[in-house]
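Asker: Okay, here's the structure, questions in a sec.
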Amino acid sequence: MRTLTARVAEVGGLQIRRALPQRSLRTVGPWCFADHMGPELITPTQGLDVGPHPHIGLHTATWLFDGAVVHTDSLGSDQLIRPGELNLMTAGHGIVHAEQADRVRSQTLHGVQLWLAQPETTRDGTPGFAHHADLPTVASGTADATVFLGSWGGASSSANIEHPAVGVDIAHRKGVSTWSLEPTFEYAVYCAGGSATINRSPVTEGQLLQWEPETAELTIRTDDTARLILLGGSPWEEPLFMWWNFVARSKSEVAQAINDWSAWSAVGESPRFASLRSSLAAIPAPALP
Ligand code: MN
């Protein structure tokens with residue numbers, strides 16, 4: 001097992017911790033991006049205010065521990081997300097969305113936004129959006145795990161993607177829990193709060209613990225409460241070229257997406273990216289190096 005530390009970055013005015021990608025760990029299964037937002041106080045001038053921006057070739061999975069965020073997108077979705085619910089957006093060939101903390105409903109924000117790369121078969125396909133409000137929970141020892149994507153501990157989420165993957169939020173109390181693993185999957189656990197010992201390796205808030213496939217079982221011990229996000233899936237075999245909000249296969253594909261987004265920014269729509277009305281300003285793409 002090895003421990004990696006998330007680095008600080010900024011998204012939509014909010015300081016976040018980015019656990020994936022890392023130089024030495026690009027993907028965990030299809031999971032290719034992991035941002036930990038908060039816990040942060042939301043004020044009239046500070047919060048999550050991410051104006052219209054495009055995505056291609058990925059799913060975004062937004063999962064809150066605390067707070068309220070409104071998602072709007074170019075498919076016409078307008079969805080409030082609360083803790084315990086999952087927003088799963090599929091970019092495919094192209095989608096535009098905006099995300100904003102709902103300051104009336106909550107003055108705090110805490111959660112994760114995760115990206116999953118789409119495989120060759122769907123990455124240039126139709127965009128989509130789904131909200132999953134009813135997700136299963138499984139218990140082991142002193143832990144309760146909510147399965148927000150895929151299957152875990154005998155329970156299956158209503159959210160699934162084409163590439164085999166799992167995403168679980170483990171709320172741990174002082175004590176021990178034991179979980180069996182899918183031997184063909186690779187896994188990592190991000191510690192979003194507290195600290196834990198997982199198969200004898202310590203992990204604390206802001207750290208990602210990663211291990212090789214073929215580990216059969218996971219034993220988690222904590223001395224207090226802890227919040228752990230487990231990500232896993234079949235190893236990702238396809239090439240990836242990630243830049244800004246685009247998950248592609250090559251630099252030229254990203255250059256094309258930047259051009260298509262510039263065309264959108266000029267008039268508010270383009271053949272690739274449909275229109276999205278928002279009170280927030282659209283975000284320009286940074287130039288490719
Ligand atoms: Mn986004």
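The values are calculated or read from the model by the stated rules, or taken from the named source; none is laboratory data. Please read these numbers as outputs of a predicted model, since none were measured by experiment. Because the Cβ atoms are built from the backbone with ideal geometry, glycine has one as well, and the counts that use them run over all protein chains shown. Side chains are part of the model used for accessible areas, which takes the heavy atoms of the whole protein and leaves out ligands, DNA and RNA. Shrake-Rupley method; radii C 1.70, N 1.55, O 1.52, S 1.80 Å.
Asker: Can you list residue pairs whose Cβ atoms sit under 8 Å apart, with the first residue in segment 48-67 being of a type in the set (D, E, K, R) and the second being assigned to a strand (DSSP E or B)? Count only pairs 6 or more apart in sequence or on different chains.
Answerer: 49/100; 49/101; 66/38; 66/39; 66/108; 66/109; 66/110; 66/111
Asker: Check residue 76 against each of (1) in contact with a Pro (Cβ under 8 Å, 6 or more places away or on another chain); (2) closer than 24 Å to residue 118 by Cβ; (3) more than 16 Å from the ligand (Cβ to nearest atom) and name the one condition it does not meet.
Answerer: Unmet for residue 76, out of (1) in contact with a Pro (Cβ under 8 Å, 6 or more places away or on another chain); (2) closer than 24 Å to residue 118 by Cβ; (3) more than 16 Å from the ligand (Cβ to nearest atom): (1).
Asker: Go over the candidates 117, 143 one by one and state the one that is surrounded by 15 or more Cβ atoms within 10 Å (Cβ to Cβ) and either at positive phi or out of contact with any Pro (no Cβ under 6 Å at 6 or more places or on another chain) (or both).
Answerer: 143
Asker: Between 139, 143, which is over 17 Å from the mean Cα position of the chain (by Cα) and within 21 Å of residue 34 (Cβ to Cβ)?
Answerer: Testing whether each residue is over 17 Å from the mean Cα position of the chain (by Cα) and within 21 Å of residue 34 (Cβ to Cβ) leaves just 143.
Asker: Here's another thing I want to ask about it. With 17, 26, 2 as the choices, which residue is under 21 Å from residue 81 (Cβ atoms) and in contact (Cβ under 8 Å) with a residue 12 or more places away in the chain?
Answerer: Selected residue: 17, the only one of 17, 26, 2 that is under 21 Å from residue 81 (Cβ atoms) and in contact (Cβ under 8 Å) with a residue 12 or more places away in the chain.
Asker: Considering (1) within 21 Å of residue 73 (Cα to Cα); (2) modelled with pLDDT of 95 or more; (3) open to solvent by less than 50 Å² (accessible area, probe 1.4 Å), say which one residue 275 fails and leave the rest.
Answerer: Exception for residue 275: condition (3).
Asker: Quick one: is residue 11 more than 21 Å from residue 79 (Cβ to Cβ) and either in contact with a strand residue (DSSP E or B) (Cβ under 7 Å, 6 or more places away or on another chain) or open to solvent by 30 Å² or more (accessible area, probe 1.4 Å) (or both)?
Answerer: no
Asker: In segment 146-194, which residues are acidic (Asp, Glu) and open to solvent by 30 Å² or more (accessible area, probe 1.4 Å)?
Answerer: 162, 182, 186 - these are the residues of segment 146-194 that are acidic (Asp, Glu) and open to solvent by 30 Å² or more (accessible area, probe 1.4 Å).
Asker: Hey, any hits in segment 47-55 for a residue that's of a type outside the set (Lys, Arg) and away from the ligand (no atom under 14 Å from the Cβ)?
Answerer: For segment 47-55, residues of a type outside the set (Lys, Arg) and away from the ligand (no atom under 14 Å from the Cβ): present.
Asker: Also: Restricting attention to segment 129-140, does a residue exist that is polar (S, T, N, Q), open to solvent by 10 Å² or more (accessible area, probe 1.4 Å), in contact with a Ser or Thr (Cβ under 8 Å, 6 or more places away or on another chain) and not in a loop (DSSP other than H, G, I, E, B)?
Answerer: Yes.
Asker: On the given criteria, is residue 19 modelled with pLDDT of 95 or more and within 26 Å of residue 274 (Cα to Cα)?
Answerer: no
Asker: A follow-up question, please. Please tell me if residue 39 is in a strand (DSSP E or B), surrounded by fewer than 24 Cβ atoms within 10 Å (Cβ to Cβ) and more than 14 Å from the ligand (Cβ to nearest atom).
Answerer: For residue 39, the condition - in a strand (DSSP E or B), surrounded by fewer than 24 Cβ atoms within 10 Å (Cβ to Cβ) and more than 14 Å from the ligand (Cβ to nearest atom) - is met.
Asker: Identify all residues within segment 19-33 that are open to solvent by 10 Å² or more (accessible area, probe 1.4 Å) and among the hydrophobic types (A, V, I, L, M, F, W, C); write none if there are none.
Answerer: Scanning segment 19-33 gives 25, 33.
Asker: Another question, if that's okay. Out of 60, 27, report the one residue that is within 16 Å of the ligand (Cβ to nearest atom), among the polar types (S, T, N, Q) and within 15 Å of the chain's Cα centre (by Cα).
Answerer: So the residue among 60, 27 that is within 16 Å of the ligand (Cβ to nearest atom), among the polar types (S, T, N, Q) and within 15 Å of the chain's Cα centre (by Cα) is 60.
Asker: Follow-up question, since we're still on this one. Being part of a loop (DSSP other than H, G, I, E, B) and more than 16 Å from the ligand (Cβ to nearest atom) is the filter here; which residues of segment 2-24 pass it?
Answerer: Selection gives 6, 23, 24.
Asker: I've got another one for you. Only one of these is closer than 25 Å to residue 198 by Cβ, touching a strand residue (DSSP E or B) at 6+ places or on another chain (Cβ under 9 Å) and either within 16 Å of the ligand (Cβ to nearest atom) or modelled with pLDDT of 95 or more (or both): 97, 172, 131. Name it.
Answerer: Within the list 97, 172, 131, the selection yields 172.
Asker: Suppose we keep only residues that are more than 15 Å from the ligand (Cβ to nearest atom) and open to solvent by less than 20 Å² (accessible area, probe 1.4 Å) within segment 104-114. Which one would you say is farthest from residue 16 (Cα to Cα)?
Answerer: The extreme case among them is 106.
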